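As structure tokens, the structure follows; a few thoughts come after it.
The values are calculated or read from the model by the stated rules, or taken from the named source; none is laboratory data. The model shown is predicted, which means the values in this text are computed figures rather than measured ones. Backbone-built Cβ (ideal geometry, glycine too); neighbour counts: all protein chains shown. Keep in mind that these areas ignore ligands, DNA and RNA; they rest on the heavy atoms of the full protein, side chains included. Shrake-Rupley method; radii C 1.70, N 1.55, O 1.52, S 1.80 Å.
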Amino acid sequence: MCMKQKLFTTRFKRCLAYLTLFLTPIILLFTNKIKLTEKERFEFFISSFFKLTPIAFLINSAFNWHAENESFLYGLYAVMFINAFIGVLTHRKLKSFDIGEFFKSTLITVVVVFGVYFSLDQIDNSIPDGFLSVAFTSSIQIITLLYPIAKIMRNSFILTNGKFPPEFLIEKLYNYERDGNIKEFLEIIKKEE
């Protein structure tokens, strides 16, 4: 067994042991096979309650947040899928495709995009409804989409040997990433329409 496999196996067993210890009170609370006193069942109930309540709260909050942002998030899922697909094609063309690196890069992109969007969306919750709230929400969504879209554009540029998107747009994209001047970048896109 190689060193990486041993390390993975050790970490997996450790995670499994922590999960087992975490779930033991919940399992013992509902078991009929083991004779438990009422006091023991009550202790397992209290332990289970304090372990499951935060998890249930987080899951419920995530589902509610997803329902509130559903239309935008489905578009974001599509953009993230396109980003991954074009990224695979690009790295295969460059003969630099590595499945481990692909999953790592995709996971980082997903975590960063959703982490930033969720965090900024929480700021939006403190802004009263009105024009400022709508403008802030739109800005958050643009910022969130620009990261994977920029990766799609760069990879498409490589895939098409510099034919699409046009080089001046790629240059403006790099300028935007360097200095954060979105106005110049968006003006170029409006001129193209």
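Every condition in (1) in contact with a helix residue (DSSP H, G or I) (Cβ under 6 Å, 6 or more places away or on another chain); (2) among the hydroxyl-bearing types (Ser, Thr, Tyr); (3) open to solvent by 50 Å² or more (accessible area, probe 1.4 Å) holds for residue 47 except the one numbered (3). In this structure, residue 177 qualifies as in contact with a helix residue (DSSP H, G or I) (Cβ under 9 Å, 6 or more places away or on another chain), touching a residue at least 24 places away in the same chain (Cβ under 8 Å), acidic (Asp, Glu) and assigned to a helix (DSSP H, G or I). Please verify whether residue 177 is open to solvent by 80 Å² or more (accessible area, probe 1.4 Å), at pLDDT below 80 and over 19 Å from residue 75 (Cβ atoms), treating the condition exactly as stated. Here the answer is yes, as residue 177 does meet what is asked. From the list 89, 94, 76, 120, pick out the single residue that is over 19 Å from residue 150 (Cα atoms) and not β-branched (Val, Ile, Thr). Result: 120 is the single residue among 89, 94, 76, 120 that is over 19 Å from residue 150 (Cα atoms) and not β-branched (Val, Ile, Thr). Filtering 39, 33 for residues that are open to solvent by 80 Å² or more (accessible area, probe 1.4 Å), of a type outside the set (Asp, Glu) and not in a helix (DSSP H, G or I) leaves a single hit, 33.
Could you pull out the residue among 156, 139, 119, 126 that is free of Cβ contacts under 8 Å to residues at least 24 places away in the same chain, among the hydroxyl-bearing types (Ser, Thr, Tyr) and within 19 Å of residue 176 (Cα to Cα)? Unique residue meeting the criteria: 139.
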